[in-house]
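J.: First, the structure itself, so that you have it in front of you.
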Amino acid sequence: MTWAPFLALSFEAFGSLDFWIGAMTLAGIYAIFTLGLQLNVGFTGVINFGQAGFMAIGAYTMGILVADVGLSLWLALPIATLVTMAAGLLIGLPSLRLRADYFAIVTIAFSEIIRYVAQNARGLTGGNQGLLGFDSQWIDVSNAVQDGLAPVGLEDQFLAPLLIVTWLTLLVLATALRYLQGTPWGRVLRAVREDEDAVRALGKNAFAYKLQSIAIAAALGAVAGYFLALNLAFLNPNSFEPLYTFIGYAILILGGLASFFGVIVGSVVVYTLLEATRFLELPLSASQVAALRFVVVGLVLILLVAFRPQGIFGKRQEMVLGD
Amino acid sequence: MTEPLLEVSDVAKQFGGIRAVDGASFDVERGSITALIGPNGAGKTTLFNIVTGFERGDRGTIVLDGERIDRRPPHTIARRRMVRTFQITKALSAMPVIDNMALAAPDQPGEHLTGLLLRAPVARRREKEVRERAHELLEVFGLSDKAEEYAGTLSGGQRKLLELARALMVEPRLVLLDEPMAGVNPSLGRRLLDHMHELCERDGVTFLFIEHDMDVVMAHSDKVVVMAQGATIASGPPAQVRSDQAVIDAYLGAQVKA
Ligand SMILES: Nc1ncnc2c1ncn2[C@@H]1O[C@H](COP(=O)(O)OP(=O)(O)OP(=O)(O)O)[C@@H](O)[C@H]1O
Ligand SMILES: [Mg+2]
């Protein structure tokens with residue numbers, strides 16, 4: 001075994017624009033996805049294991065409204081967002097009153113139910129064959145943006161417009177969430193994270209705040225779902241496995257709890273690792289390489305938890321003092 | 001005489017086989033300081049939990065200012081300006097002391113997403129008022145220099161003080177304190193009592209407090225309610241309760257003989 005081909009290949013990959021555009025688009029999409037987890041886990045103390053389910057509801061509702069119903073994409077996006085928020089309220093209403101760990105179990109079950117429905121309601125979702133034909137209006141926009149990128153030499157990168165729109169959306173959302181976190185509204189959320197009973201005793205409806213947190217997280221999952229759908233150009237149930245929720249948690253821990261900008265950095269690190277390890281040329285089978293990708297992410301997480309448990313941007317005191 | 005601010009009638013609560021509260025009835029007069037006493041396990045904290053909506057009683061009624069509040073959730077009861085503290089303090093540890101205080105303020109439109117959007121200037125103005133008031137109260141309770149510290153770094157006694165100060169941010173009419181003096185050093189404890197009297201006399205705030213220290217109870221309350229085994233067995237002015245035979249038998253006996 002020689003290392004030469006591996007080194008050559010990985011450097012080549014890192015040097016190519018294709019690699020970075022692909023990896024950073026995914027990083028942007030899953031950063032939006034994880035902003036929702038951050039709001040729930042880092043700022044409200046609600047453990048949501050169903051983010052991939054919300055992503056699926058958003059993406060499929062949008063896809064179905066455009067491809068099957070024939071709505072305009074621009075109309076389908078807000079409708080799908082509202083539908084996803086309603087789904088968040090629907091599972092929150094009966095289960096958010098339960099202890100945090102029960103809510104976690106309910107959300108993961110919910111997320112799997114959504115995926116099974118997507119797999120089996122073939123008439124609506126195309127099942128495992130996938131759902132196509134919802135992105136023509138986006139492609140028009142994308143082409144226009146791509147032409148506009150000619151001066152910077154990116155006119156050959158047909159994924160560059162999606163990268164740009166994803167990251168602009170991400171920055172707007174992260175900034176908005178950061179602003180909200182500093183308002184009296186955000187203060188109540190953090191207090192709910194600390195002790196719900198204390199919050200109730202002071203006249204605040206803790207339950208209503210948890211519901212709002214879940215509904216907003218669901219909307220963020222939906223937005224991430226739209227970009228994922230446009231990135232793949234088709235929807236397949238496998239894109240919404242619980243695995244993706246757990247990648248979100250890896251991003252969360254890496255970036256640090258209770259930091260929205262930590263989420264962005266965490267996502268860039270995780271998706272750089274995940275995508276770079278695709279190019280590893282080792283004497284292993286394809287499935288072994290696939291597993292190895294997660295081993296690498298796992299190792300990075302273990303090292304981080306050992307040496308910097310609060311994550312890259314988390315506040316150590318908020319971790320140590322939360323009792 | 002005007003009607004009482006709080007009327008508790010025949011409240012009961014059973015946990016499995018344990019009758020934690022079993023026929024508790026008493027009134028709290030407006031502008032008074034009432035002490036609730038009783039041996040450990042008498043059901044005092046459970047009664048507080050029922051009155052403030054944290055537990056649902058099996059029977060009985062609770063009337064606050066002429067309005068029934070049993071079966072209402074805790075936050076709507078607190079909004080009627082009846083606020084409580086907890087026997088085991090609930091400082092919001094991973095938040096700064098000042099945020100603990102500001103959180104408790106009522107009428108902050110910025111606490112709602114619609115208010116943030118539509119009434120941003122009102123929210124900002126309110127936030128300024130709230131912070132001023134919070135600093136005033138922290139000053140009174142000797143916590144000024146801790147304002148920016150995380151509440152989790154406070155000592156046990158300081159947390160008790162923070163919890164009382166935070167309750168006062170709600171601008172309460174009635175404050176329920178569950179053993180406010182426990183773990184607080186005597187000089188701070190005196191300060192706390194002085195402040196209670198001052199609020200009562202100056203602003204007409206009514207207090208109901210659970211306390212085990214008989215000297216404090218006798219010296220600082222207008223009325224004493226005695227609980228034993230879940231039931232209220234006596235109530236009245238301190239001097240009268242002190243000589244009540246049932247109370248002596250149930251509770252004070254050991255101390256009086258000693
Ligand atoms: N959630 C609960 N489940 C079961 N039993 C309970 C519960 N809460 C209280 N109890 C029981 O009810 C009884 C009354 O408890 P409570 O805490 O009200 O007493 P207390 O008068 O406040 O005592 P202390 O002076 O020690 O604080 C005790 O026997 C206690 O074990
Ligand atoms: Mg008690």
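J.: Tell me, what is the percent relative contact order of chain B, built from C-alpha pairs under 8 Å that lie six or more residues apart? Could you put the intermediate results ahead of the total?
T.: Working: 467 pairs, mean separation 69.6, N = 258.
Relative contact order for chain B comes out at 27 percent.
J.: In debye, nearest 20: dipole of the protein assembly as shown around its Cα centre with unit charges on the Cβ of K, R (+) and D, E (-)? Spell out each step's value before the answer.
T.: On the way: 48 positive and 55 negative charges, 84 e Å.
That gives a dipole near 400 debye.
J.: Could you tell me which of A:311, A:102, A:239 has its Cα farthest along the dipole of chain A towards the positive end, charges placed at Cβ (Lys, Arg +1; Asp, Glu -1), taken about the Cα centre?
T.: Sorting the options by dipole projection puts first A:102.
J.: For region A:139-207 and region B:1-61, compute the distance between their C-alpha centroids and round to whole Å.
T.: Region A:139-207 and region B:1-61 have Cα centres separated by 48 Å.
J.: Follow-up question, since we're still on this one. Each residue of region B:10-18 in turn: what ³J(HN,Hα) in whole Hz from Karplus with 6.51, -1.76, 1.60 and θ = phi - 60°, glycine and Pro shown as x?
T.: Along region B:10-18, the couplings run 6, 7, 9, 8, 10, 10, x, x, 8 Hz.
J.: Find the Rg to Rh ratio for region A:37-121, where Rh is the Kirkwood radius over alpha-carbon pairs and Rg uses the same atoms.
T.: Values: Rg = 13.9 Å, Rh = 13.5 Å.
Across region A:37-121, the Cα-based Rg/Rh ratio is 1.03.
J.: Once you have the alpha carbon radius of gyration of region B:7-48, what is it after dividing by 2.2 N^0.38 Å, with N set to its residue count? If you can, show how the numbers build up before the last one.
T.: On the way: Rg = 11.4 Å, N = 42, 2.2 N^0.38 = 9.1 Å.
Against the compact-globule rule of thumb, the ratio is 1.25.
J.: Give me the dipole magnitude in Debye, nearest 20, for region B:164-247 about the Cα centre, with unit charges on the beta carbon: positive for Lys and Arg, negative for Asp and Glu.
T.: Working: 7 positive and 12 negative charges, 10 e Å.
Roughly 40 debye for region B:164-247.
J.: Three principal axis extents, largest first, for the C-alpha atoms of region B:75-186, in Å?
T.: Dimensions of region B:75-186 along the principal axes of its Cα atoms: 47, 30, 22 Å.
J.: Let me test this: with uniform point scatterers at the alpha carbons of region B:5-126, what is the Debye-based log₁₀ I(q)/I(0) at q = 0.13 1/Å?
T.: -0.67
J.: So for chain A, averaging the separation of alpha carbon pairs under 8 Å that are six or more residues apart and normalising by length, what relative contact order in percent results?
T.: Numbers: 473 pairs, mean separation 105.8, N = 323.
Reported relative contact order: 33 percent.
J.: Could you give the dipole magnitude of chain B about its Cα centre, charging the beta-carbon of Lys and Arg +1 and that of Asp and Glu -1, in debye to the nearest 20?
T.: Numbers: 32 positive and 36 negative charges, 128 e Å.
Once rounded to the nearest 20, the dipole reads 620 debye.
J.: Let me ask something else about it. Scaled to the compact-protein estimate 2.2 N^0.38 Å, what is the alpha-carbon radius of gyration of region A:4-153, rounded to two decimal places?
T.: Numbers: Rg = 19.2 Å, N = 150, 2.2 N^0.38 = 14.8 Å.
Scaled against compact globular proteins, the figure is 1.30.
J.: Just how many % of Cα pairs in region A:109-159 lie over 13 Å apart, if you round to the nearest whole percent?
T.: Values: 862 of 1275 pairs.
Pairs farther apart than 13 Å: 68 percent.
J.: Grab the eigenvalues of the alpha-carbon gyration tensor for the protein assembly as shown, scale each by 5, take roots, and send me the semi-axes largest first in whole angstrom. The partial results should precede the final answer.
T.: On the way: eigenvalues 653, 115, 98 Å².
Largest first, the protein assembly as shown gives 57, 24, 22 Å.
J.: Are there any residues in region B:142-156 with a reduction of at least 10 Å² in accessible surface when going from the isolated chain to the assembly of protein chains? Probe 1.4 Å, please list them by number.
T.: B:150, B:152, B:153
J.: With the cut-off at 1.5 for a/c, could you classify chain B from its C-alpha gyration tensor as rounded, prolate or oblate? The partial results should precede the final answer.
T.: On the way: a/c = 1.96, a/b = 1.50, b/c = 1.31.
It comes out prolate by the Cα gyration axes.
J.: Using helices alone, I'd like the mean residue ellipticity at 222 nm for chain B: each DSSP H run of four-plus residues gives -39500 (n - 2.57), total over residue count, nearest 500.
T.: Numbers: 10 runs with 97 residues, N = 258.
After summing the helix terms and dividing by the residues of chain B, the value is -11000 deg cm²/dmol.
J.: Which one, A:155, A:241, A:275, has the greatest fluctuation when you compute a Gaussian network model over chain A with C-alpha springs under 10 angstrom?
T.: A:155
J.: If you don't mind, another one. Could you provide, to the nearest whole Å², the per residue accessible area of the protein assembly as shown with probe 1.4 Å? If you can, show how the numbers build up before the last one.
T.: On the way: 25120 Å² over 581 residues.
Roughly 43 Å² per residue, with all protein chains present.
J.: Same structure, new question: In chain A, if the dipole is taken from +1 on Lys/Arg beta carbons and -1 on Asp/Glu beta carbons about the Cα centre, which of A:118, A:224, A:188 is farthest to the positive end?
T.: A:188
J.: In whole percent, how big is the carbon plus sulfur part of the accessible area of the protein assembly as shown, probe 1.4 Å, protein atoms only? Working shown, then result.
T.: Numbers: 15060 of 25120 Å².
So the carbon and sulfur contribution to the accessible surface is 60 percent.
J.: A further question follows. Please quote Rg/Rh for region A:171-323 to two decimal places, taking the Kirkwood radius as Rh and restricting both calculations to Cα atoms.
T.: Working: Rg = 18.3 Å, Rh = 17.8 Å.
On the Cα set of region A:171-323, Rg over Rh gives 1.03.
J.: For chains A and B, what's the summed buried accessible area, probe 1.4 Å, to the nearest 100 square angstrom? Mind showing how you got there, number by number?
T.: Working: alone 15190 and 12600 Å², together 25120 Å².
Accessible area lost upon association: around 2700 Å².
J.: Which value results for Rg/Rh of chain A when Rg is the Cα radius of gyration and Rh the Kirkwood radius based on the inverse mean 1/r?
T.: Working: Rg = 20.2 Å, Rh = 20.6 Å.
We get a ratio of 0.98 for chain A.
J.: So, one more: In whole angstrom, and with the biggest value first, how far do the Cα coordinates of region B:142-258 range along each principal axis?
T.: Sorted from largest, the Cα extents of region B:142-258 read 51, 30, 25 Å.
J.: Counting each DSSP H run of 4 or more residues in chain A as -39500 (n - 2.57), what helix-only mean residue ellipticity at 222 nm follows after dividing by all residues, to the nearest 500 deg cm²/dmol?
T.: Details: 15 runs with 236 residues, N = 323.
It comes out at -24000 deg cm²/dmol, rounded to the nearest 500.
J.: Same structure, new question: Taking accessible area as the heavy-atom solvent-accessible surface of the protein chains with a 1.4 Å probe, which residues of region A:197-221 lose no less than 30 Å² upon going from the isolated chain to the full protein assembly?
T.: SASA drop of 30 Å² or more in region A:197-221: A:197, A:198, A:200, A:201, A:202, A:203, A:204, A:205, A:209.
J.: Suppose accessible area is computed on protein heavy atoms with a 1.4 Å probe; arrange B:145, B:65, A:195 from highest to lowest.
T.: Numbers: B:145 125, B:65 60, A:195 35 Å².
The ordering from most to least exposed comes out as B:145, B:65, A:195.
The values are calculated or read from the model by the stated rules, or taken from the named source; none is laboratory data. Bear in mind the structure is a predicted one, so any value in this text is a computation, not a measurement. Don't worry about glycine lacking a Cβ; one is built from the backbone with ideal geometry, like all the others, and counts go over all protein chains shown. Accessible surface areas use protein heavy atoms only, side chains included; no ligands, DNA or RNA. Shrake-Rupley method; radii C 1.70, N 1.55, O 1.52, S 1.80 Å.
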